[in-house]
Amino acid sequence: LDETKTLLKNVEASWLDEDNRMNEEIQQALQEGRTRRKKSLEFKLGFHNKENIISYLCRELFLPTYGFPTRVAELELPQEEGDSTKKVGPSRAMHLALREYAPGKTVLIDHKNYRVAGLIPKRHYNPEKNTPVTTRQFWTCSNCGAGAEGFQLKCTMCQGPVTNRKYLEPQSFTVDFQEPYSPVDDAQPQHMIQVQCILPANEVKIQTVQDLAHGMQLEVYRDGLAKIVLFNDGLKPEKQGQIGFVHCYFCHRTEALTQGTLWRDRFGLDSAGHHYGLLEHDKFCSGLESNLEHQLSIGFSYKTDAVVLKAPRLWGSSHKIATTIGVALRDIFSEALSVIAEDVEFLIEKWGEEYQIILYDRQEGGAGLVAQLPELLPSLWPQVEQRLHCRDKENQGCDSACHYCLLTSQTESLAEKGLLQRKLALEIFTKVPELSWGSPAQEAD
């Protein structure tokens, strides 16, 4: 009962922090005379105050989410002539929708090619009330990996440099109702979704184990202490230039920024600054070009469990070795747990001058998978090495990666970038043939 009270107090504190932050931003917008910004924030505050309590308790991990469908997005389609019912395309998990339903993408449904052109803020979206899409901002430290929602000039943990990022968090997506059917073109948002792991920006207790002889350390962030952020930056610029999306806060039309004027043509911008509305009954939006916000990402974040494997003396400065060992470790670990590889995700983060291997539970709130790694890793370490010995005996093993060792549909993009190098990674195992934690798992601040 005491633990339940503590968790509820934490949920209450989180809700009040968000409420106070938005009220402060409203007062700041009022002082600066930014009327539209103030109105948008007031809408967001209203939705914050009316948010479904069950949804909020799930998001804050007070209620369990494992096994429940969460973060599911729909694609809204135009109604057929004479049909008044709402029509939607296939539902997608949000991490897939960010790639498949990103504004600017074309989607083939029932032999018709639709072009996605906007975001839907919430399930209770009301176009007449100009419901805003949730805009979130977070900062991350490039030194230690700490971060949080909001804006900072320097890290609150190590005082290091930080990167501030703003993104739109849609509920669902919609096609261009003005011109729903579209030919396929090459200027479509990139397929790769960017992923970041954000560690707590305050002192928390984590489990830490070490192999002192080889300078390896494993940190375990349980109970949703880690936050995963996924976002789509739109088109990849051919040269250094703008990335992201252009978004109208009035009608929610959204387009990927492009080199040249293609994005302006898609928006239908005229010399007076007007652009096409998104819905069928509005030929032009009431907003002007000056109301458009540029260089936004679209994405979402969630809390989960994560482990961070650090080895500055082994692969600290090598992106290729860290990536290769991360892929092999994720595959061996998921096989040991008898789960599919996608249930345990991995990513490589560079904090300071060193690369870290991060494994995390795909399930929002955590599924208790990666928390088992400290106990299992010493026994799995020789199997990770074995996986790096290519089983293609006919060719006496591959040069870097192949389907006999590391290559799968999920790792092809890494191989194309030259980040899977099994022979380089095998050199680590000559230095560390076996792992031995120097002390029992301990709690550390």
*asked:* For the stretch 251-266: of the residues being over 22 Å from the mean Cα position of the chain (by Cα) and polar (S, T, N, Q), which is surrounded by the most Cβ atoms within 10 Å (Cβ to Cβ)?
replied: Thr258
*asked:* Just the residues that are surrounded by 15 or more Cβ atoms within 10 Å (Cβ to Cβ), at pLDDT below 90 and not charged (D, E, K, R), please, taken from the stretch 272-298.
replied: His274, His275, Tyr276, Gly277, Leu278, Leu279, Cys285, Gly287, Asn291, Leu292, Leu296, Ser297
_Looking at Val307 and the list (1) within 30 Å of Gln210 (Cα to Cα); (2) open to solvent by 20 Å² or more (accessible area, probe 1.4 Å); (3) not in a loop (DSSP other than H, G, I, E, B), which single condition is not satisfied?_
(2)
*Among (1) touching a strand residue (DSSP E or B) at 6+ places or on another chain (Cβ under 8 Å); (2) closer than 13 Å to Asp361 by Cα; (3) free of Cβ contacts under 8 Å to residues at least 40 places away in the same chain, which single condition is Tyr302 missing?*
(3)
*Looking at the stretch 30-41, is at least one residue assigned to a helix (DSSP H, G or I) and touching a Leu at 6+ places or on another chain (Cβ under 7 Å)?*
yes
*of a type in the set (Val, Ile, Thr), surrounded by 21 or more Cβ atoms within 10 Å (Cβ to Cβ) and touching a strand residue (DSSP E or B) at 6+ places or on another chain (Cβ under 8 Å), is that true of Ile243?*
no
_What's the total number of residues in the stretch 193-234 that are at positive phi and touching a Phe, Trp or Tyr at 6+ places or on another chain (Cβ under 8 Å)?_
1
*Where residues in the stretch 365-396 are in a loop (DSSP other than H, G, I, E, B) and out of contact with any helix residue (DSSP H, G or I) (no Cβ under 8 Å at 6 or more places or on another chain), which of them is most open to solvent (accessible area, probe 1.4 Å)?*
Gln396
*Of the numbered conditions (1) surrounded by 16 or more Cβ atoms within 10 Å (Cβ to Cβ); (2) farther than 26 Å from Met94 by Cα; (3) in contact with a strand residue (DSSP E or B) (Cβ under 6 Å, 6 or more places away or on another chain), Glu349 fails exactly one; give the number of that condition.*
(2)
_Pair list, Cβ under 6 Å, 6 or more apart: the stretch 222-236 residue in contact (Cβ under 8 Å) with a residue 24 or more places away in the chain and of a type in the set (Phe, Trp, Tyr), other residue assigned to a strand (DSSP E or B) and open to solvent by 20 Å² or more (accessible area, probe 1.4 Å)_ = Phe231/Gln194
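The values are calculated or read from the model by the stated rules, or taken from the named source; none is laboratory data. The model shown is predicted, which means the values in this text are computed figures rather than measured ones. Please note: Cβ atoms are built from the backbone with ideal geometry, for glycine as well, and neighbour counts cover all protein chains shown. For accessibility, only protein heavy atoms count, side chains too; no ligands or nucleic acids. Shrake-Rupley method; radii C 1.70, N 1.55, O 1.52, S 1.80 Å.
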